[in-house]
Amino acid sequence: MANSTTSTTTQTSNPQDAAIRLLCRHGLHQLLWLPETAQHPKLRVTFSTTSNFEEASLPAILHIGPMFGTRYGAVEFDALASECGVRVICVDRPGFGGSTPVSIDIRMAVWLETVPELLQRLGLKHVSLMTHSAGGIYTLNTLLRHRSLLDPKTPYVAFMAAYVPMTDSGATLPNIASHIPTSMVDSWSTVAGLMNTKIMPATSWSGGALSASASFLTSPFGTNAGDSASSSTTPEERYGVDKETAKHIADLSMKYMSAESIVGANEEAKLCLRKCEDADWGDAADYAACITKIGEREGELRDQAKLKVDGFFAGSDVMIGKQGQEFFEKCWRSEGVARNVDFESRTYEKADHDSLILDYKMGALRDVFKRVVALSERQT
């Protein structure tokens, strides 16, 4: 399916103007307000949707992004989403974009408040869930607390390179980062901003940004924490435009994102690394127990289709490692869970932590979109 917005814009403007117009479309810059509660004042949440979102017949996916994933993820997903026939929603968690920062102890609670408000705002009753890296922590909580937001006929969740606690993964990069003093983690957003705008390519995400930041902050360890697989997806393929316009989109999207708030990166890093006592993982504080509880809840839903969960993993991943992958798979394949949840796992040998989602040829994203479409077609 062609992206009419992109093609029309490219034909009527020079490359830079076309990129600016695409990045300034209304769908990328939406907001809602969470009402004041006993825990927090009124909060602003910024979010985005892919350019095909008005096509109401297409299945919708809520993307629960990684540590450095923001609403600009919709820019990365747009062309492929239009091609495959899915709609995608991306959200700025607290402290990113225009979303109000919150303290780490209520970060998860605020996310769980956001999800139903967001879907109501968009007029959606049901979505599929798609997550990458640290978004897995939020996704487990969402699945447990908001199960009714999945389609009762085709409930589906896709975990890509799901973050696993370093005590269970033994992964290299989180272990290195865990040695960084909390006072330095509080400057993570500044370092990440520098890396994103001056050093890292636009196609790096949580693993790439964290990797570069950790290397910068932990130089005494003498470790190059990153893994990197060169992308087989060209910028013009990624964005569905000509080469020059694609270059401007990549450059400007990173510039625009970094011009907004990324202070949430500090709290996300402390949350993932559990660098403070009030880092609240919610129900996912114990992954095995959380997934067991999900399995038990699924067994109680006699009138709904069986939950389908896919785990997609990279052949090389310093964020979770093979041990983390095996732990995650083991949780879903335990007897009590497997009885009530259809879990499948696949490894993309040529992908790394970030290219698993950002490389549309070597990674898993196209397969996730196709899976959602196939499940949707079963209903018709």
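Considering only region 61-88, state which residues are buried (at least 24 other Cβ atoms within 10 Å of the Cβ), of a type in the set (A, V, I, L, M, F, W, C) and within 13 Å of Val372 (Cβ to Cβ).
Correct list: Leu62, Phe77, Ala81, Val86, Val88.
For region 104-131: of the residues being part of a helix (DSSP H, G or I) and in contact with a Pro (Cβ under 7 Å, 6 or more places away or on another chain), which is surrounded by the fewest Cβ atoms within 10 Å (Cβ to Cβ)? Please lay out each step first, then the result.
First, pick out the residues of region 104-131 that are part of a helix (DSSP H, G or I): 104-121.
Add one more test, that the residue is in contact with a Pro (Cβ under 7 Å, 6 or more places away or on another chain), and what stays is 107, 110.
Details: Arg107: 25, Val110: 20.
So the residue we want is Val110.
Which is of a type in the set (Gly, Ala, Ser) and surrounded by fewer than 17 Cβ atoms within 10 Å (Cβ to Cβ), of Gly315, Gly282? Give the steps one after another, and end with the answer.
Working: Gly282 fails: surrounded by fewer than 17 Cβ atoms within 10 Å (Cβ to Cβ).
When all the criteria are applied, what remains is Gly315.
Yes or no: Thr100 in a loop (DSSP other than H, G, I, E, B) and closer than 23 Å to Ala162 by Cβ? First the steps, then the outcome.
Values: in a loop (DSSP other than H, G, I, E, B): yes; closer than 23 Å to Ala162 by Cβ: no.
Judged against the criteria, Thr100 is not a match.
Looking at (1) touching a residue at least 40 places away in the same chain (Cβ under 8 Å); (2) farther than 17 Å from Glu237 by Cβ, can you tell me which one Glu335 breaks?
(1)
Scan (1) loosely packed, with under 14 Cβ neighbours inside 10 Å; (2) farther than 30 Å from Glu377 by Cβ for the single condition His26 breaks and write down its number.
(2)
Pull up region 318-371, narrow it to residues that are closer than 30 Å to Arg302 by Cβ and modelled with pLDDT under 95, then point me to the one that is surrounded by the fewest Cβ atoms within 10 Å (Cβ to Cβ).
Residue satisfying both the conditions and the ranking: Glu335.
Identify, please: which residue in region 285-329 is among the polar types (S, T, N, Q) and over 21 Å from the mean Cα position of the chain (by Cα) and is, among those, farthest from Pro165 (Cα to Cα)?
So in region 285-329, the residues among the polar types (S, T, N, Q) come out as 292, 304, 316, 323, 325.
From what is left, the residues that are over 21 Å from the mean Cα position of the chain (by Cα) are 292, 304, 323.
Working: Thr292: 16, Gln304: 31, Gln323: 11 Å.
The residue in question is Gln304.
For Asp303, indicate whether it is part of a loop (DSSP other than H, G, I, E, B), surrounded by fewer than 21 Cβ atoms within 10 Å (Cβ to Cβ), touching a residue at least 40 places away in the same chain (Cβ under 8 Å) and not β-branched (Val, Ile, Thr). Walk me through it before giving the result.
Values: part of a loop (DSSP other than H, G, I, E, B): yes; surrounded by fewer than 21 Cβ atoms within 10 Å (Cβ to Cβ): yes; touching a residue at least 40 places away in the same chain (Cβ under 8 Å): yes; not β-branched (Val, Ile, Thr): yes.
Spelling it out, Asp303 is indeed part of a loop (DSSP other than H, G, I, E, B), surrounded by fewer than 21 Cβ atoms within 10 Å (Cβ to Cβ), touching a residue at least 40 places away in the same chain (Cβ under 8 Å) and not β-branched (Val, Ile, Thr).
Collect the residues in region 346-373 that are under 16 Å from the mean Cα position of the chain (by Cα), of a type in the set (A, V, I, L, M) and part of a loop (DSSP other than H, G, I, E, B), keeping them in residue-number order.
Ala364
The values are calculated or read from the model by the stated rules, or taken from the named source; none is laboratory data. These numbers come from a predicted model, not from an experiment. Ideal geometry is used to build each Cβ from the backbone, glycine not excepted, and the neighbour counts take in all protein chains shown.
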